[in-house]
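Scroll down for the structure; my scribbles are underneath it.
The values are calculated or read from the model by the stated rules, or taken from the named source; none is laboratory data. Since the model is a prediction, treat every value here as computed from it, not as a measurement. Every residue, glycine among them, receives a Cβ derived from its backbone with ideal geometry; neighbour counts consider all protein chains shown. Protein only, heavy atoms only, side chains kept; ligands, DNA and RNA dropped before computing areas. Shrake-Rupley method; radii C 1.70, N 1.55, O 1.52, S 1.80 Å.
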Amino acid sequence: MYITAAILSVLLALVSLAAGAPKALLKGDVSAGLQSHMGLSAGLVRFIGLAEVAAAGGLIIGLFWQPLGIAAAIGFTITMIGAVGFHAKAGDYADPATRGNAMAPIILTAVSVATAVTLGLAM
């Protein structure tokens, strides 16, 4: 079970870091899109990015201390649930042009829940 938890943790950490770093730095199309399309403030976008970067660090450290990894995975799950809500509010699931990008938080929610569960079982 630990190998599965480690693989999920590393994959989720890489995705979380790749998604969070540009938001934390307010660089790239995603940050601009969150501000213009979703109506989020620059401060909130930066906060979300920092939370995702922190989750990545927590997931990696959680390979050695599982309670931190579980907490990071749960925190990332909460962040992704919020993202699903914002995408729903913006109507992204009804629009075929934005539906693909809006599906990522749903998939990442499932992966982060699986990561938390496998880390818990590996203890």
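Numbers below:
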{"item": "Qualifying residues in region 1-31 (those that are among the hydrophobic types (A, V, I, L, M, F, W, C) and in contact with a Lys or Arg (Cβ under 7 Å, 6 or more places away or on another chain)) - the one most open to solvent (accessible area, probe 1.4 Å)", "result": "VAL30"}
{"item": "Lone unmet requirement of (1) in a helix (DSSP H, G or I); (2) under 30 Å from MET123 (Cβ atoms); (3) in contact (Cβ under 8 Å) with a residue 40 or more places away in the chain for THR79", "result": "(3)"}
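So that you can scan it fast, the table gives a plain yes or no per residue for (1) more than 30 Å from MET1 (Cα to Cα); (2) exposed (fewer than 13 other Cβ atoms within 10 Å of the Cβ); (3) modelled with pLDDT of 95 or more:
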position: GLN35; (1), (2), (3): yes, no, no
position: LEU40; (1), (2), (3): yes, no, no
position: VAL45; (1), (2), (3): yes, no, no
position: VAL53; (1), (2), (3): no, no, yes
position: GLY69; (1), (2), (3): no, no, yes
position: VAL84; (1), (2), (3): no, no, yes
position: ALA97; (1), (2), (3): yes, yes, no
position: ALA102; (1), (2), (3): yes, no, no
position: SER112; (1), (2), (3): no, no, yes
